[in-house]
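What follows is one structure encoded as structure tokens, with my remarks underneath.
Each value in this text was obtained by applying a stated rule to the coordinates, not by laboratory testing. Computed from a prediction, not measured in an experiment: that's the story for all the values here.
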Amino acid sequence: MIETVEFRKGVLFFRLKGNCFETKEVFSYLLNLIEEVGIRYISLNLSQVTSINETGITLIDLLDQHLQAKGGELILCGGNAFESCFKQKPKQWVKDELNVFSVVQL
């Protein structure tokens, strides 16, 4: 599920792969980084995700809300096939990680 994690220029790049069904541990990990480390910008790369369930969608929505409450932002990369699944549209969708820095105000 988690492929790689990288912190670059103030943005945490979190790359997911495969099925996103058991995302509660990922959500808890990211919330801890937001609270303890002060991460404000997270890029979730969904380009290698093959499927995602309702729980995964809900947790991504909650992560987006939590970051916004902290003055941060969630940016989703790739995986535009999942865009219609979200109840609350994430604020930023970009084609790939190279475009993340064009939407983040550091």
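Amide H contacts of residue 49 (H built 1.01 Å from N, in plane; Pro and chain starts excluded): 18 sit under 5 Å, all sequence-distant by 5 or more or on other chains.
As a length-normalised measure over Cα pairs under 8 Å and 6 or more apart, the relative contact order of the chain settles at 25 percent. Scanning residues 5 or more positions from residue 41 or on other chains, those with amide H under 5 Å from its amide H are 12, 73, with H placed 1.01 Å from N in the peptide plane. Estimated from helical segments only, the mean residue ellipticity of the chain at 222 nm is -8000 deg cm²/dmol, where each DSSP H run of four or more residues counts as -39500 (n - 2.57). For the cross-link pairs 9/95; 9/70; 17/70, the ones whose C-alpha atoms lie over 21 Å apart are 17/70. Considering all C-alpha pairs of region 2-95, those separated by over 23 Å amount to 13%.
Express in nm, to one decimal, how much length is gained between residue 8 and residue 69 on full extension, taking 0.36 nm for each residue of separation and deducting their alpha carbon distance. 19.8 nm is the gain from fully extending residue 8 to residue 69.
Per-residue 3J(HN,Hα) values for region 71-78, derived from phi via the Karplus relation 6.51 cos²θ - 1.76 cosθ + 1.60 with θ = phi - 60°, read x, x, 7, 9, 10, 9, 10, x Hz in sequence order (x marks Gly and Pro).
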